[in-house]
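Before any comments, here is the structure.
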Amino acid sequence: MNLAAPPLLSVEGLQVRFGADQPVVRGMDLTVLRGQTVAVVGESGSGKSTMAAAILGLLAPGGRITAGRIVFDGRDITAFDRRLMRAIRGREIGYVPQDPMTNLNPVWKVGFQIREALQANTDGRQARWR
């Protein structure tokens, strides 16, 4: 009997293409356990951001998952439509961009921007955002 908890995120054999070109991500596997912190490290252009975008259902126009599967919290989200992805994105799964200067407003405090994102993506019943 296996008492190990299932992974929170499991990516198996992910392949992403843009148009008819060669895959930009090939055979990528990733397992993240609940409570685990993971850093994805690689050379520039190795597919780190594309992998994250694929997991979140935010691939740039023309991008598509052509192989593999993504299982998040026991659900195969690989083929979720926009509505289903929108329901979990920001509420259950999120992304911290690699370059905060192009993704965060330097005029506002980071904490404010994070609280704003949490409030926009939750039911608002949380007593404290810190």
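Worth pointing out:
- Relative packing of peptides 105-116, 83-94 - highest average C-beta neighbours within 10 Å first: 83-94, 105-116
- Farthest toward the positive end of the dipole of region 9-92, out of 39, 14, 80, is the Cα of 80, where the dipole comes from beta carbon charges about the Cα centre.
- Total charge dipole magnitude, region 9-92, about the Cα centre, Cβ charges on Lys, Arg, Asp, Glu only, Debye to nearest 20: 300
- By the Cα gyration tensor, region 1-104 has an equivalent ellipsoid whose semi-axes, rounded to whole angstrom, run 22, 17, 15 from largest to smallest.
- In nm, spacing of pseudo-spin labels at residue 67 and residue 84 (7 Å Cα→C-beta vector): 2.3
- Distance between region 78-94 and region 1-37 - C-alpha centres, whole angstrom: 16
- Over the chain: helical MRE at 222 nm, DSSP H runs n ≥ 4 each giving -39500 (n - 2.57), nearest 500: -6500 deg cm²/dmol
- Subtracting the Cα-Cα distance of residue 91 and residue 4 from 0.36 nm times their residue separation leaves 28.8 nm of extension gain.
- Note on residue 58 and residue 99: the model spin-label points, each 7 Å out from Cα along the C-beta direction, lie 1.5 nm apart.
Just so you know, all these numbers are worked out from the coordinates, no wet-lab data involved. Small disclaimer: the values here were computed from a predicted structure and weren't measured. So basically every Cβ, Gly included, is an ideal-geometry build from the backbone, and we count neighbours across all protein chains shown.
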